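The values are calculated or read from the model by the stated rules, or taken from the named source; none is laboratory data. Values in this document were obtained by computation on a predicted structure and should not be read as measured data. FYI the Cβ positions are ideal-geometry reconstructions off the backbone, even for glycines, and counts take in every protein chain you see. The protein model used for the area step is the full one, side chains on, heavy atoms only, and it has no ligands, DNA or RNA in it. Shrake-Rupley method; radii C 1.70, N 1.55, O 1.52, S 1.80 Å.
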Amino acid sequence: MREIKHATCRICTNLCPLRVEVEDGVVVAVKGNPENEAYRGFTCIKGRVQGEYLRHPNRLLHSLKRQPDGSFTRISPEQAMDEVAEKLSRIAAQHGPEAIAIYYSTALVQQGAPAAWALYGLGAKIGTPFALDAQTLDKGGKKIAQALHGRWMGRSQGFDRPEVAMLIGSNPIVACTGFPAGNPGLWYKDQVKAGMKAIIIDPRRTELSDRAFLHLQAIPGHDAEILAAMIRVVLTENLHDAAFVAENVAGLAELRAAVAPFTPERVAEAAGITAGDLVLAARTFAQAKRGYIMAGTGPSMAAMGSLVEYLVLCLETLCGHWLREGEVVACAPALTATPRYRAQAEPPKPWAVRPMRVRGLSISAAGVPLSAIADEILLPGEGQIRALLSGGNPATSFPNQPKIAQALRDLDLLVQFDVWMSHTAELADYVIVPPMPLEMVDATFTLDQTTALGTGYGYDQTYAQWSPAVATPPAGAELIEPWRFIVGVGERMGFAFSLTDRDGTEHTITTATESEQVLRLLAAHSRIGIDEIIARPGGARFPEAAVRVLPKQEGWTGRLDIGNPEMLADLAAVERQGMLHHPSDESFPLRLLCRRQRHTYNSTCNVTATNRGKGWNPAYLNPSDLAELGLVEGDEVLIESVLDAVPAVVAADPGLRPGMVSMSWGFGRGRETDGRFREIGSSPNRLIPDDMIFDRYTGQPRMSNVPVRIVRRESVAAPAQPA
Ligand SMILES: Nc1nc2c(c(=O)[nH]1)N[C@H]1C(S)=C(S)[C@@H](COP(=O)(O)OP(=O)(O)OC[C@H]3O[C@@H](n4cnc5c(=O)[nH]c(N)nc54)[C@H](O)[C@@H]3O)O[C@H]1N2
Ligand SMILES: Nc1nc2c(c(=O)[nH]1)N[C@H]1C(S)=C(S)[C@@H](COP(=O)(O)OP(=O)(O)OC[C@H]3O[C@@H](n4cnc5c(=O)[nH]c(N)nc54)[C@H](O)[C@@H]3O)O[C@H]1N2
Ligand code: SF4
Ligand SMILES: [Mo]
């Protein structure tokens with residue numbers, strides 16, 4: 001029988017509502033839901049073809065165990081739980097809890113909300129400090145900046161009727177962050193029609209450029225200077241919200257002095273833009289009553305993410321773009337507990353939490369520096385990581401790909417949760433295979449969590465959807481939900497798991513608990529009852545959940561700090577030395593930029609249903625650079641950096657600043673697969689050192705603006721040495 005069922009797409013964090021046509025448990029078509037007022041029918045190609053993912057011949061249908069000869073054999077989930085628990089217990093007893101790391105990242109959305117609860121719960125019970133997430137390779141500077149600047153407890157104006165939106169290296173139309181979760185294209189169109197001015201700072205023309213008020217096509221890596229110059233304009237022209245600053249902010253004099261050298265003329269010249277545009281951007285932003293800034297992965301990956309994010313907060317604070325007493329927080333969470341929004345500043349706190357063993361890095365407000373994990377695995381001695389439970393794809397997503405691949409091979413135990421034979425799965429001792437999202441019940445917790453991360457993330461209005469399992473796994477499959485596997489391992493290690501309901505009653509969770517019961521308990525403290533959400537199967541806004549910002553507490557003295565000495569010292573260093581650089585940079589005339597593509601999601605979805613037979617990630621160059629290199633679109637080249645070289649196919653992008661190579665990540669594997677690069681692409685992380693140039697707070701290396709050179713492929717010896 002053919003039926004249409006409502007579900008949520010969980011391939012990416014946009015969580016689009018879907019109408020899934022199912023015949024006897026098999027997904028035959030996936031469409032958007034035009035009746036959903038937040039998404040207005042929006043889906044992308046990845047969501048619509050997921051019926052093909054469910055049936056894909058490469059999909060894993062049972063868990064796997066590595067054999068001594070390197071091959072994999074089938075293992076039952078029960079047996080795998082027994083063996084993994086036994087190994088983890090032994091490693092913890094011999095080497096202490098630090099020897100076990102857990103990693104979950106963007107794959108969390110695919111694995112379901114209970115998976116995060118279970119995995120981080122297990123990490124806490126084991127007592128490991130190495131509970132990893134992707135922040136420190138993503139936009140970890142946001143957390144560092146929030147720590148050092150302090151946090152406005154009333155939230156930002158954010159997506160609520162902005163008159164201006166400044167997007168710094170952020171491309172919401174493709175990436176679905178930076179605009180509210182929903183329908184990014186229509187939201188942009190509507191806001192521009194309502195008068196919103198978009199200011200884009202990006203070295204390439206993006207999908208936003210056409211409707212933008214201003215596009216500063218700056219040379220990458222200059223975002224901190226550009227922001228400092230904008231702050232200087234705001235302060236010298238007295239465009240800031242003086243009353244808000246006087247009441248809630250410290251450090252104005254220090255910031256004023258620190259930005260003084262950053263004249264628009266000087267910065268514009270260095271960044272390859274005009275001083276007029278820079279001043280116009282600053283004035284437009286400061287003169288708007290409502291607005292927001294989203295700094296995306298672009299600036300974060302240019303090695304000074306923490307400073308950039310700090311200056312973003314300084315500019316937001318100077319302009320007073322924070323909600324005041326009595327104003328409405330339209331995006332209060334639906335499923336997670338509602339915080340008490342108050343018109344007051346949570347004061348700054350230290351950014352560092354605990355030192356790591358390498359490169360002077362620390363576990364910080366941004367989490368564990370992922371760029372240090374390879375070394376923390378390879379470096380013998382007390383505190384060495386020997387086991388990793390992974391729900392991401394570190395072999396592809398971490399910098400210095402050859403080193404992390406070696407480190408993953410060196411582990412005593414690598415357990416990978418995956419539905420595909422990803423690069424990390426290939427290196428694992430156990431591959432634990434869960435159902436795919438449409439086969440599992442879940443609800444939109446992830447978006448409440450991302451909304452809470454800060455400005456530029458998540459919803460514009462309270463929203464939720466309950467997503468029942470709508471598809472049946474293929475015949476013969478033996479799958480286990482990640483949370484159930486983790487609880488099973490924990491039980492075998494002697495740990496008990498529980499969740500409390502609204503009345504404070506504790507409920508034990510075991511491997512026999514229904515997933516729905518876990519989700520209900522995770523939502524126990526929500527303002528919107530879970531049954532109300534279930535009663536709106538197509539997903540809905542819940543405007544009744546909106547809350548007002550409470551007044552400042554009596555005697556409250558907390559202030560936001562825009563004069564943090566460490567940050568301003570970093571800014572002074574930028575003034576003296578320019579951006580971080582390395583002597584070897586000079587041998588590499590081009591700069592490799594990060595970017596994303598619509599048809600893939602990080603390291604997944606690169607299959608024929610979406611890539612239409614083009615499995616590689618093109619290296620885009622300005623046509624003038626192609627001509628100078630004697631290349632035409634479609635030519636095969638080698639991209640070389642100080643670390644390695646990868647094969648690529650060049651393509652022309654007239655909207656890209658000359659001197660740049662713009663290439664998506666998440667493709668390719670190690671050198672051993674170079675011969676297959678037309679099919680699986682090439683990994684930029686082979687070109688990115690983990691320890692040469694990095695943000696000293698998050699450890700995030702320079703992953704954009706990476707010095708490279710390009711040579712024709714046939715003019716060099718084939719590099720393909722198996723690693
Ligand atoms: N379709 C799709 N959507 C995704 C993903 C995906 O892989 N595919 N990945 C998801 C993830 S994990 C994340 S974190 C988000 C990321 O979302 P975004 O941060 O919006 O990521 P990108 O689309 O790569 O946009 C980054 C932009 O930064 C620019 N840029 C590069 N270097 C610099 C620089 O130094 N300064 C400035 N100002 N700009 C620079 C690039 O040209 C690019 O346009 O997307 C998420 N959404
Ligand atoms: N050079 C470079 N490196 C980067 C970035 C960059 O722009 N440039 N971006 C960084 C950023 S922003 C991030 S967030 C990190 C992300 O880093 P990771 O999260 O480590 O990488 P992903 O590719 O998102 O990993 C997703 C994994 O989930 C698996 N998977 C896919 N679908 C399912 C499913 O339905 N169920 C299960 N259980 N598993 C599934 C995939 O096969 C893959 O192994 O990478 C960072 N690394
Ligand atoms: S992958 Fe596409 S359809 Fe699925 S949630 Fe993301 S944007 Fe929506
Ligand atoms: Mo990310």
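In table form, for the structure just shown:
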| item | result |
| --- | --- |
| Test for Pro434: is it surrounded by fewer than 21 Cβ atoms within 10 Å (Cβ to Cβ), touching a Pro at 6+ places or on another chain (Cβ under 7 Å), assigned to a loop (DSSP other than H, G, I, E, B) and modelled with pLDDT of 95 or more | no |
| Evaluation of Met153 against (1) of a type in the set (A, V, I, L, M); (2) within 16 Å of ligand 1 (Cβ to nearest atom); (3) over 20 Å from the mean Cα position of the chain (by Cα) (one fails), failing number | (2) |
| Residue in the range 129-136 that is open to solvent by less than 20 Å² (accessible area, probe 1.4 Å), closer than 26 Å to Leu411 by Cβ, touching a helix residue (DSSP H, G or I) at 6+ places or on another chain (Cβ under 7 Å) and within 16 Å of ligand 4 (Cβ to nearest atom) present | yes |
| So Gln111, is it within 16 Å of ligand 4 (Cβ to nearest atom) and either touching a strand residue (DSSP E or B) at 6+ places or on another chain (Cβ under 8 Å) or open to solvent by 50 Å² or more (accessible area, probe 1.4 Å) (or both) | yes |
| Matching entry among Thr462, Thr455, Thr446 (being open to solvent by less than 30 Å² (accessible area, probe 1.4 Å), among the hydroxyl-bearing types (Ser, Thr, Tyr) and either closer than 19 Å to Leu108 by Cβ or within 9 Å of ligand 2 (Cβ to nearest atom) (or both)) | Thr446 |
| Exclusive hit being farther than 30 Å from Val353 by Cβ and away from ligand 3 (no atom under 16 Å from the Cβ), set Lys65, Lys125 | Lys65 |
| Members of the range 390-426 that are crowded, with 24+ Cβ neighbours inside 10 Å and within 16 Å of ligand 3 (Cβ to nearest atom) | Val419 |
| First in the range 1-16 and more than 15 Å from ligand 2 (Cβ to nearest atom) and at pLDDT below 95, second anywhere and open to solvent by 10 Å² or more (accessible area, probe 1.4 Å) and not in a loop (DSSP other than H, G, I, E, B), Cβ under 9 Å, 6 or more apart | Met1/Glu23; Arg2/Glu21; Arg2/Glu23; Arg2/Val28 |
| Residues being of a type outside the set (Phe, Trp, Tyr) and either modelled with pLDDT of 95 or more or in a strand (DSSP E or B) (or both) - total across the range 693-723 | 18 |
| Filter result for the condition that a residue is on the phi > 0 side of the Ramachandran plot and not aromatic (Phe, Trp, Tyr), over Gly659, Gly655 | Gly659 |
| Unmet requirement for Lys139, which otherwise passes all of (1) buried (at least 23 other Cβ atoms within 10 Å of the Cβ); (2) on the phi < 0 side of the Ramachandran plot; (3) more than 16 Å from ligand 1 (Cβ to nearest atom) | (3) |
| Filter pass, Val109 being among the β-branched types (Val, Ile, Thr), modelled with pLDDT under 95 and part of a helix (DSSP H, G or I) | yes |
| Qualifying residue in the range 64-83 (condition: away from ligand 2 (no atom under 15 Å from the Cβ), of a type outside the set (Gly, Ala, Ser) and crowded, with 20+ Cβ neighbours inside 10 Å) | yes |
| Scope the range 365-381; condition open to solvent by 10 Å² or more (accessible area, probe 1.4 Å), touching a residue at least 40 places away in the same chain (Cβ under 8 Å) and either out of contact with any helix residue (DSSP H, G or I) (no Cβ under 7 Å at 6 or more places or on another chain) or assigned to a strand (DSSP E or B) (or both); matching residues | Gly367, Asp375 |
| From Trp152, Trp117, residue being touching a helix residue (DSSP H, G or I) at 6+ places or on another chain (Cβ under 7 Å), of a type outside the set (Val, Ile, Thr), open to solvent by 10 Å² or more (accessible area, probe 1.4 Å) and at pLDDT 95 or above | Trp117 |
| Any chance Gly195 is more than 22 Å from Arg657 (Cα to Cα), out of contact with any His (no Cβ under 8 Å at 6 or more places or on another chain) and either open to solvent by less than 20 Å² (accessible area, probe 1.4 Å) or assigned to a loop (DSSP other than H, G, I, E, B) (or both) | yes |
| Checklist (1) more than 16 Å from ligand 3 (Cβ to nearest atom); (2) farther than 26 Å from Asp223 by Cα applied to Ala113, failing item | (1) |
| For Ile168: the one exception among (1) surrounded by fewer than 24 Cβ atoms within 10 Å (Cβ to Cβ); (2) within 16 Å of ligand 4 (Cβ to nearest atom) | (1) |
| Cβ pairs under 9 Å, 6+ apart, first in the range 666-685 and free of Cβ contacts under 8 Å to residues at least 40 places away in the same chain, second acidic (Asp, Glu) | Thr673/Glu679 |
| Sole exception among (1) under 30 Å from Ala645 (Cβ atoms); (2) part of a helix (DSSP H, G or I); (3) not acidic (Asp, Glu) for Leu447, by number | (1) |
